[in-house]
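The values are calculated or read from the model by the stated rules, or taken from the named source; none is laboratory data. Since the structure is predicted, the reported quantities are computational estimates derived from the model, not experimental observations. Virtual Cβ from ideal backbone geometry, glycine too; neighbours counted across all protein chains shown.
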Amino acid sequence: MALNTPTVFNASLNFRLNWEGNFRSLEEGVESSLGNFAIMASSVDEVVSKLRADPEMVREFRAAYGIEPDRTSVLDAIATYERSLVTPGSRFDRWVAGEADAITPEELAGYQDFKSLGCITCHQGVNVGGNLFQRHGIFHPLGSPEPVLLRVPSLRNVATTAPYFHDGSAATLPEAVRIMGFAQLDRVLTDQQIAGIVAFLNTLTGSYRGQALRPAAVTPRNGGIPR
């Protein structure tokens, strides 16, 4: 089945890549994406051949790697770029660093709910997730039944990366929080709890090159819109 495309921001902070966690390195992920007919329909060898035909690219690779483009240097170049796609400086980061007024009392209350309800059991660590596997639909169904075991997604910038879940079946963040509470925690969250958790999740939006991220125009079940 087609899966909702995960964000590439902060991907380098995840312990595995993709929803199924089937790649251990950015280089493996790049090679697979290039060769996937539904994504790039190409190959590393084809990319190398095209780059070698471009004198400017050959010059830049010689300057950076001391050689003409080859398989290793091309994969390293793309992976190195992906490692630069980190988004520090969220208001939550600033609060953790000691800036007490970086988040509001409502957002702090939402964070307390996030912890007390058990959300933090899976969504923790430097990437607020992304560092373990979990089954979805533990208590009640959550979207498409396959794949059963998923890499827990990072919640960094989650307010900007709708739709949600592996199948893109939740269009909004409040809807996603409500469904997660029921499916994963067997809890029917109140409107106040949902609003508080959503408020907290909004504090996880960081900046890229000094500019705060903004929501992209996406549709549910997008099956492959990068962001």
* To do: Please verify whether the stretch 38-48 includes one or more residues that are under 18 Å from P147 (Cβ atoms) and at pLDDT below 95.
  => yes
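This table checks each residue for (1) buried (at least 18 other Cβ atoms within 10 Å of the Cβ); (2) within 30 Å of V48 (Cα to Cα); (3) among the small types (G, A, S); (4) touching a residue at least 12 places away in the same chain (Cβ under 8 Å).
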position	(1), (2), (3), (4)
V74	yes, yes, no, yes
L85	no, yes, no, yes
G89	no, no, yes, yes
F114	yes, no, no, yes
T121	no, no, no, no
* **Filter result for G98 (surrounded by fewer than 20 Cβ atoms within 10 Å (Cβ to Cβ), in the same structural domain as F200 (by TED's automatic domain parsing) and in contact with a helix residue (DSSP H, G or I) (Cβ under 9 Å, 6 or more places away or on another chain))** => no
* Criterion (under 25 Å from F23 (Cα atoms), touching a residue at least 40 places away in the same chain (Cβ under 8 Å) and in contact with an Asp or Glu (Cβ under 7 Å, 6 or more places away or on another chain)) met by exactly one of P153, P147 -> P147
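Being in a helix (DSSP H, G or I) and either among the aliphatic types (A, V, I, L, M) or touching a residue at least 12 places away in the same chain (Cβ under 8 Å) (or both) is the filter here, so list the residues in the stretch 47-64 that pass it.
Matches in the stretch 47-64: V47, V48, L51, R52, M57, V58, F61, A63, A64.
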* Asked: Just checking, how many residues over the stretch 163-203 are under 23 Å from L3 (Cβ atoms), in a helix (DSSP H, G or I) and out of contact with any Leu (no Cβ under 8 Å at 6 or more places or on another chain)?
  -> 3
* Structure fact -> If you go through D113, D93, D101, the only one that is closer than 30 Å to P147 by Cα and among the acidic types (D, E) is D113
* **Number of positions in the stretch 1-57 that are of a type in the set (D, E) and surrounded by 14 or more Cβ atoms within 10 Å (Cβ to Cβ)** => 4
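Quick check on my filter: what residues within the stretch 1-44 are polar (S, T, N, Q) and farther than 27 Å from R209 by Cα?
Listed by number, the residues that qualify are N22, S32, N36, S42, S43.
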* Asked: For the stretch 91-106, which residues satisfy the criterion of being part of a loop (DSSP other than H, G, I, E, B), touching a residue at least 60 places away in the same chain (Cβ under 8 Å) and of a type outside the set (S, T, N, Q)?
  -> I103
* Structure fact -> Of the candidates A159, A170, A109, the one satisfying the condition of being in the same structural domain as G206 (by TED's automatic domain parsing), of a type in the set (A, V, I, L, M), at pLDDT 95 or above and in contact with a Ser or Thr (Cβ under 8 Å, 6 or more places away or on another chain) is A159
